[in-house]
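The values are calculated or read from the model by the stated rules, or taken from the named source; none is laboratory data. All values reported here derive from a predicted model rather than from experimental measurement. No Cβ is skipped: glycine too gets one built from the backbone with ideal geometry, and neighbour counts run over all protein chains shown. Ligands, DNA and RNA are excluded from the accessible area calculation, which covers all protein heavy atoms including side chains. Shrake-Rupley method; radii C 1.70, N 1.55, O 1.52, S 1.80 Å.
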There are 2 protein chains.
Amino acid sequence: METKFDFAKSLVWSAGEFLKAGMDQPLEITEKTDFTDLVTDMDRKVQDFLISEILSQYPADHFLAEEEDYKQPIDKGSVWVIDPIDGTNNFVAQKCDFAISLAYFEDGVGQFGLIYDVMAGELFYGGGQFDVFCNDHRLAAYQKKPLNQSLLAINPGMYRHNIQGLAGLVDQVLGIRTYGSATISMAKVLSGQLLGYISHISPWDYAAAKIMGERLGYVTIGLVEELNFSDRQYVMMVPASQCDRIIEILENSR
Amino acid sequence: METKFDFAKSLVWSAGEFLKAGMDQPLEITEKTDFTDLVTDMDRKVQDFLISEILSQYPADHFLAEEEDYKQPIDKGSVWVIDPIDGTNNFVAQKCDFAISLAYFEDGVGQFGLIYDVMAGELFYGGGQFDVFCNDHRLAAYQKKPLNQSLLAINPGMYRHNIQGLAGLVDQVLGIRTYGSATISMAKVLSGQLLGYISHISPWDYAAAKIMGERLGYVTIGLVEELNFSDRQYVMMVPASQCDRIIEILENSR
């Protein structure tokens, strides 16, 4: 597994270089479900790059990926979960605050995860049997702090409409943040800068952070039903030691 | 004015070094109006540092500053508007995403502004007779883009309660962001990453960005009444060329 983990680290780094090298080209931007749900040719190119590199080393592996028709269930064999560019709208409008994310599962068991904030040059990696690092810095497990001294990253639409009781939770924390990238938000949770992250997201958004978070005292759960690694769901990543209290606040606020 | 501008650049840089040198010390944190409105001893120390350095060079100058009793009206003489740490909650909880901000007025006319994102090492400076830079990079004037391809930074409470019609505007943009620092949000507007910023803020939050923005095609205005550089007000910084359209959308959404 160590060999595969090292391969993944070097792969995601190369994908970042590939992406940066193409950033000066004009983007082909396509709307998916609506004008806020964008995909670019670069999303597809980075995904193709990742998949072809993985297959050249591990030809029997499978993929669950954001773009195109790679929809292997994570509990069937060796499965890479790929988000080629998380935060596509930031990529298009800001040219920063986007990430490449990889997670690797064997028969449903998370082995490691990686989140690479390309423009900040910050690679988060680890989980499973591996400690979690940001670049050369080993991340510490969650240290308990009161909710009212902690920041939370959220989906603002869920807050506006108090979906799942989120507005009640927001009233009890120090503040809320919205960065426009699920994986970057969850990386800030891993590094202890945020208490947690609550949004409406897909497997490739949360897979890597979930695996790394388990090693640092965090849980990543579905708010309505169990995570199924298939549909877009209401997802919460919070410290295990605060989870019951947070669920209670959410339930009391609906 | 060039000498004073150079002095201000070197001063804000020194204040950043002063702040970073003190970051490992335990913070004394005090609540101002409530548990989300914090001030630390470091806010006061940075402000004292800035004021004493300015007075040593310019003993007749005056101050409008966030902490303590410096409340000179900007239209009376030579006035420095100071936010020693904008994004204090980020400073406390994240140790990043906070900024030192300075603006300088003579008889009410903005001469230059500076926003220093300390941990990112990004200094925005210029306005008045000076071009606007981020570090060594000269910033370009606003280039018109459709609203639905543009991101907006907002105060999430204003969005939740549709204050000033903000929810209607949000429906027409590519997405919204919340970074927890007014000056960093407005610096992202100056650099073209965001269309604009709408929040409920004080003079030291918007003074520097307003002066720099005027040089790049942005206006910073009060949504309810004219900016008075005194009270906390509903403030919007947007491209001058989009301002009428944005006001129309806000008015139609109330």
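Can you name the residue in region A:217-243 that is small (Gly, Ala, Ser) and more than 24 Å from A:PHE130 (Cα to Cα) and, of all such residues, is surrounded by the fewest Cβ atoms within 10 Å (Cβ to Cβ)?
Restricting to residues being small (Gly, Ala, Ser) and more than 24 Å from A:PHE130 (Cα to Cα), the top hit is A:SER230.
Go through region B:64-85 residue by residue and tally those that are of a type in the set (Gly, Ala, Ser) and either in the same structural domain as B:LEU227 (by the TED database) or free of Cβ contacts under 8 Å to residues at least 40 places away in the same chain (or both).
Number of matching residues: 2.
Of all the helices (runs of 4 or more DSSP H) wholly in region A:109-195, which have at least 3 residues that are touching a strand residue (DSSP E or B) at 6+ places or on another chain (Cβ under 7 Å) and open to solvent by less than 10 Å² (accessible area, probe 1.4 Å)?
A:182-190
Do we have any residue at all in region B:214-221 that's on the phi > 0 side of the Ramachandran plot and within 12 Å of chain A (Cβ to nearest Cβ)?
Within region B:214-221, not a single residue is on the phi > 0 side of the Ramachandran plot and within 12 Å of chain A (Cβ to nearest Cβ).
Which ones in region B:125-178 are farther than 23 Å from B:ALA207 by Cβ and aromatic (Phe, Trp, Tyr)?
B:TYR159
Just one of A:SER185, A:SER181, A:SER150, A:SER202 is free of Cβ contacts under 8 Å to residues at least 60 places away in the same chain, of a type in the set (Gly, Ala, Ser) and under 25 Å from B:SER150 (Cβ atoms); which is it?
A:SER185
Looking at this structure, is B:GLY175 facing chain A (nearest Cβ under 7 Å), over 27 Å from B:ASN135 (Cα atoms) and at pLDDT 95 or above?
Yes, satisfied.
State the number of residues belonging to region B:74-108 that are farther than 30 Å from A:SER191 by Cα and either assigned to a strand (DSSP E or B) or open to solvent by less than 10 Å² (accessible area, probe 1.4 Å) (or both).
Total meeting the criteria: 10.
Can you find a residue that is modelled with pLDDT of 95 or more, β-branched (Val, Ile, Thr), assigned to a helix (DSSP H, G or I) and open to solvent by 40 Å² or more (accessible area, probe 1.4 Å) anywhere in region A:201-214?
no
State all residues of region A:5-33 that are without any contact (Cβ under 8 Å) to a residue 24 or more places away in the chain, open to solvent by less than 70 Å² (accessible area, probe 1.4 Å) and within 14 Å of another protein chain (Cβ to nearest Cβ); if no residue qualifies, say none.
A:THR30
Restricting the first residue to region B:43-63 and requiring it to be touching a residue at least 40 places away in the same chain (Cβ under 8 Å), which pairs with a second residue that is open to solvent by 40 Å² or more (accessible area, probe 1.4 Å) and among the hydrophobic types (A, V, I, L, M, F, W, C) meet a Cβ separation below 9 Å and a spacing of at least six or different chains?
Final answer for the pair search is B:VAL46/B:PHE18.
Taking the stated definitions as given, is B:ASP41 closer than 23 Å to B:PHE130 by Cα and more than 19 Å from the chain's Cα centre (by Cα)?
So B:ASP41 fails the test.
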